[in-house]
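*Asks:* Here you go, one structure.
The values are calculated or read from the model by the stated rules, or taken from the named source; none is laboratory data. Remember, it's a predicted structure, so these values are computed and weren't measured experimentally. Counting neighbours? That spans all protein chains shown, and the Cβs are built from the backbone with ideal geometry, glycine included.
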Amino acid sequence: MLRLFSTLVLVTSLSLASQASAQQPDANETIVTLKRDIPILMQQADIPGLSIALVNHGHTAWVGSFGTVDPATLQPVTDQTLFCAASLSKTVFAYAVLQLVDQGKLDLDTPLTHYWPERVVDPQDDLRLDKITARIVLSHRTGFPNWRQGNGLRIFFDPGSRFSYSGEGFVYLQHTVEHIEGKPLNQIVQQLVFAPLGMTRSTYISQAGPGITLGYTPALEPRNPIKALDGNAASSLLTNAHDYSLFLEAILSGRRLKPATLRQMETPQIAVDPTCTNCTNHAPQRLSTDLFWGLGWGIEQTSTEKYLWHWGDNGAFKAFVLIDLRRHNAVVFFANGENGLSIAPAIVHEAIGGDHPAFGWIKYDPYDSVSMRFIHDSIHKGAETLTTYAQQLNDGTISKETLNSAGYFLSQQKKYDDAIAIFNRTLQLHPDSFYAYNNLGDTYASMGNTILAVKNYQKALELDPTQEDTKAALAKIQSSSPQKEAAH
């Protein structure tokens, strides 16, 4: 299958950080500015729809809905439209877990195997499983990968010793909590969070359906939300900005948590490695001085400011939330476009102000970067962008990942000639690009040109013979007969 790169992202815009003011903008002026600028940002980043809420002094000041649920029908996003919250699922789940701690049903520092004895890891990691606690899970120190490869779950470093972001850890804690409560995830969170806070539209039972937006690539190819009929604490929350703002009000007020528990949630448990978010394969050479992880939340902390934050990325669904703890202000938004996080720095700059090193750490290209403009122009203008951006291609400003992504989107739009031109240019500049050969193979296969598809798949496998998807695609074509070459 065609390979899509989320790694066209490099660094966030320094200009936004340098312009940011430490003072909170006036709420009314902020709302006017956001209403004006969000549609422009969405258009430049190819984002169809967005749901946003602004919390001012602990209370929801505004909920805004922009764009469409379906670009083909222009069905509008409303305040009731549900978005896939991606990893913003984790913050809501953490809030439920901390309530169980306050109820005495779960201790933050007791090994989870005390509550749920299931041995969920490979035998070689069995003894280290007994070191994992709820505190370690909520601060991403389990040693688990973000998501496992294959069936086996490994622990890559001593639990508690360092940070590495892990969805698997939250799922492990979810199963433990379900065992303690004797109920599935959604019922637990409904009882502890959704019903008490009035989040009437939210659910962890995630699937496509009425009132739920699909996600879209920059080329407007639709993508379904992940299907999680049993719920996934790390990623399957369906919600909207209105519901989530009620959750933010509860966090800011400390509602349903003991004051000491709230303080623990907001207290740094571990400094992150400033070079990576998923760091299972190496120990940090240094630790960040302003980025930490608390219990379920990322923390930005300086001598004068403290923010809670989190990002969400489920492919074509993106989300971001940031809380200013000193001023009791917050912003959250959900986007149904793959480039949703490219506009997060601009939205946070207008909504909250301040300097936010989190954006440099999570490494998403801003909407106005050269790479993002190249993708945007390629989708709308085709291969002529190779001429327009010739200098940036030649000097390496535009990476091979960005080129491959542009070709991918064009191929998905069935603009095959343009896609082939971009993949060929990629190989001129980067002859060792496995993905360019692989994507050329996929494109020729979609065109029915099986001879050139086979040729490019074979070249891809010469560069990386471990790629099982490419092997399967090649075998499928070779097993069919006769091979046909389309005129090209």
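*Asks:* Could you grab me the full set of residues in the range 188-201 that are assigned to a loop (DSSP other than H, G, I, E, B), at negative phi and without any contact (Cβ under 8 Å) to a residue 60 or more places away in the chain? Quick ask: steps written out before the conclusion?
*Replies:* Keep residues of the range 188-201 that are assigned to a loop (DSSP other than H, G, I, E, B), which gives 198-201.
Filter again for at negative phi, leaving 199-201.
Of everything in the range 188-201, those that are assigned to a loop (DSSP other than H, G, I, E, B), at negative phi and without any contact (Cβ under 8 Å) to a residue 60 or more places away in the chain turn out to be Met199, Thr200.
*Asks:* Still on this structure: Go through the range 260-291 and give me each residue that's surrounded by fewer than 16 Cβ atoms within 10 Å (Cβ to Cβ), farther than 18 Å from Ile136 by Cβ and touching a residue at least 24 places away in the same chain (Cβ under 8 Å).
*Replies:* Asn281
*Asks:* Contact list please: Cβ distance under 8 Å, first residue in the range 446-463 and over 14 Å from Tyr416 (Cβ atoms) and in the same structural domain as Phe423 (by TED's automatic domain parsing), second residue among the charged types (D, E, K, R) and in a helix (DSSP H, G or I), pairs at least six apart or on different chains.
*Replies:* If the second residue must be among the charged types (D, E, K, R) and in a helix (DSSP H, G or I), the pairs left are Leu461/Lys471.
*Asks:* Can you find a residue that is within 22 Å of the chain's Cα centre (by Cα), exposed (fewer than 14 other Cβ atoms within 10 Å of the Cβ) and either at pLDDT 95 or above or not aliphatic (A, V, I, L, M) (or both) anywhere in the range 231-242? Explain how you work it out, then say what you get.
*Replies:* First, the residues of the range 231-242 that are within 22 Å of the chain's Cα centre (by Cα): 231-242.
This time we only want the ones that are exposed (fewer than 14 other Cβ atoms within 10 Å of the Cβ), so: none.
No, that holds for no residue.
*Asks:* Which numbered condition in (1) in a loop (DSSP other than H, G, I, E, B); (2) within 19 Å of the chain's Cα centre (by Cα); (3) closer than 23 Å to Ser288 by Cα is the only one that Gly169 fails?
*Replies:* Single failed check for Gly169: (1).
*Asks:* Still on this structure, please answer the following. Is there a residue being within 25 Å of Asn186 (Cα to Cα), outside the structural domain of Pro222 (by TED's automatic domain parsing) and part of a loop (DSSP other than H, G, I, E, B) anywhere in the range 85-103?
*Replies:* yes
*Asks:* Can you find even one residue in the range 19-31 that is under 30 Å from His380 (Cβ atoms), modelled with pLDDT under 95 and surrounded by fewer than 17 Cβ atoms within 10 Å (Cβ to Cβ)? Talk me through it step by step, then tell me what you get.
*Replies:* From the range 19-31, those under 30 Å from His380 (Cβ atoms) are 19; that's our starting set.
Checking the rest, the ones that are also modelled with pLDDT under 95 come to 19.
Still in the list and also surrounded by fewer than 17 Cβ atoms within 10 Å (Cβ to Cβ): 19.
Yes, the conditions are met somewhere in the range 19-31.
*Asks:* What's the number of the only condition in (1) in contact with a Ser or Thr (Cβ under 8 Å, 6 or more places away or on another chain); (2) of a type outside the set (A, V, I, L, M, F, W, C); (3) in a strand (DSSP E or B) that Asp365 fails to meet?
*Replies:* Only one criterion is unmet by Asp365, namely (3).
*Asks:* It is to be established whether one or more residues within the range 379-393 are under 22 Å from the mean Cα position of the chain (by Cα) and not β-branched (Val, Ile, Thr). Before the answer, list the steps.
*Replies:* Step one: filter the range 379-393 for residues under 22 Å from the mean Cα position of the chain (by Cα), giving none.
Looking through the range 379-393, none of the residues is under 22 Å from the mean Cα position of the chain (by Cα) and not β-branched (Val, Ile, Thr).
*Asks:* Right, another one. Quick check: is even one residue across the range 347-362 under 12 Å from the mean Cα position of the chain (by Cα) and either part of a strand (DSSP E or B) or in contact (Cβ under 8 Å) with a residue 12 or more places away in the chain (or both)?
*Replies:* yes
*Asks:* Oh, and also: Which condition breaks for Ile343 when tested against (1) part of a strand (DSSP E or B); (2) among the β-branched types (Val, Ile, Thr); (3) over 19 Å from Ile270 (Cβ atoms)?
*Replies:* All conditions pass for Ile343, except number (1).
*Asks:* Could we say that Pro268 is more than 21 Å from the chain's Cα centre (by Cα), at pLDDT below 95 and not assigned by TED's automatic domain parsing to the domain that holds Ala419 here?
*Replies:* When the stated conditions are applied, Pro268 does not pass them.
*Asks:* Further, regarding this structure: Restricted to the range 419-436, and to residues that are polar (S, T, N, Q) and surrounded by 17 or more Cβ atoms within 10 Å (Cβ to Cβ), which residue is farthest from Thr388 (Cα to Cα)? Break it down into steps so the answer makes sense when it comes.
*Replies:* First, the residues of the range 419-436 that are polar (S, T, N, Q): 424, 426, 428, 433.
From the residues that got through so far, the ones that are surrounded by 17 or more Cβ atoms within 10 Å (Cβ to Cβ) too are 426, 433.
Working: Thr426: 15, Ser433: 22 Å.
The qualifying residue farthest from Thr388 (Cα to Cα) is Ser433.
*Asks:* Further question on the same structure: When the residues of the range 125-145 are filtered to those that are surrounded by fewer than 16 Cβ atoms within 10 Å (Cβ to Cβ) and either in a helix (DSSP H, G or I) or polar (S, T, N, Q) (or both), which remaining residue is modelled with the lowest pLDDT? Even if it seems obvious, please write down each step before you answer.
*Replies:* Going through the range 125-145, the residues surrounded by fewer than 16 Cβ atoms within 10 Å (Cβ to Cβ) turn out to be 126-127, 130.
With the extra rule that they be either in a helix (DSSP H, G or I) or polar (S, T, N, Q) (or both), the set shrinks to 126-127.
Working: Asp126: 88, Leu127: 92.
Among those residues, the one meeting the criterion is Asp126.
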